[in-house]
1. Can you name the residue in region 12-55 that is in a loop (DSSP other than H, G, I, E, B) and modelled with pLDDT of 80 or more and, of all such residues, is surrounded by the most Cβ atoms within 10 Å (Cβ to Cβ)?
2. Restricting the search to region 56-77, which residues are outside any loop (DSSP other than H, G, I, E, B) and among the hydroxyl-bearing types (Ser, Thr, Tyr)?
3. Among (1) loosely packed, with under 11 Cβ neighbours inside 10 Å; (2) part of a helix (DSSP H, G or I), where does ARG106 come up short?
4. Hey, does region 78-94 have a residue that's part of a helix (DSSP H, G or I) and touching an Asp or Glu at 6+ places or on another chain (Cβ under 6 Å)?
5. Which one is farthest from ASN52 (Cα to Cα) among residues in region 84-107 that are among the hydroxyl-bearing types (Ser, Thr, Tyr) and at pLDDT 80 or above?
6. Could you give me the residue pairs with C-beta distances under 6 Å whose first residue belongs to region 40-61 and is within 17 Å of LYS84 (Cα to Cα), whose second residue is of a type outside the set (A, V, I, L, M) and in a helix (DSSP H, G or I) wherever it lies, and which are 6+ apart or on separate chains?
Amino acid sequence: SRTEGVYDKLTELDKILMGTDEKVIKKLYGHLLEIKLEEEQIKETMIAWGGNFGYGIDLEKWQKLWTQNYKVTISTAYKENLYKMFYRWHLPPTRIAKMFKNKSDRC
């Protein structure tokens with residue numbers, strides 16, 4: 001929670017920097033790399049969807065779409081499908097049939 005502009009919960013970065021572990025640099029580097037890769041994946045996905053729509057999607061609109069769709073249901077299977085669709089991990093049956101010859105190209 002936040003009180004008078006100050007966060008009282010420790011972030012992951014705070015925990016790393018305040019820790020007494022000897023591997024601080026390794027953990028710090030891993031944390032920063034993880035953040036960078038997450039941002040790149042989101043940007044690449046936004047650019048790809050923007051190409052399909054014919055216009056760019058700003059980060060605020062992307063976050064709103066993601067939040068609205070994520071709150072639609074409590075079904076884990078549905079949320080997994082949304083996640084795959086947003087990040088373009090869904091493979092259509094025709095593509096699966098090309099990868100695995102024993103699979104049908106129909107739904």
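The values are calculated or read from the model by the stated rules, or taken from the named source; none is laboratory data. As the structure is a prediction and not an experimental result, all values here were calculated from the model. Here the Cβ positions follow ideal geometry from the backbone for every residue, glycine too, while neighbour counts run over all protein chains shown.
1. Filtering region 12-55 for residues in a loop (DSSP other than H, G, I, E, B) gives 19-23, 54-55.
So of that shortlist, the ones also modelled with pLDDT of 80 or more come out as 23, 54-55.
Values: LYS23: 11, GLY54: 6, TYR55: 7.
By that ranking, first place goes to LYS23.
2. Going through region 56-77, the residues outside any loop (DSSP other than H, G, I, E, B) turn out to be 59-70, 76-77.
Across region 56-77, the qualifying residues are THR67, TYR70, THR76.
3. (2)
4. Filtering region 78-94 for residues part of a helix (DSSP H, G or I) gives 78-86, 93-94.
Narrowing the set further to residues that are touching an Asp or Glu at 6+ places or on another chain (Cβ under 6 Å) leaves 93-94.
Taking every residue of region 78-94 in turn, at least one turns out to be part of a helix (DSSP H, G or I) and touching an Asp or Glu at 6+ places or on another chain (Cβ under 6 Å).
5. Just the residues of region 84-107 that are among the hydroxyl-bearing types (Ser, Thr, Tyr), to begin with: 87, 94, 104.
Restricting the remaining residues to those that are at pLDDT 80 or above gives 94, 104.
On the way: THR94: 20, SER104: 27 Å.
Per the criteria, the residue is SER104.
6. Hits for this filter: MET46/TRP62.
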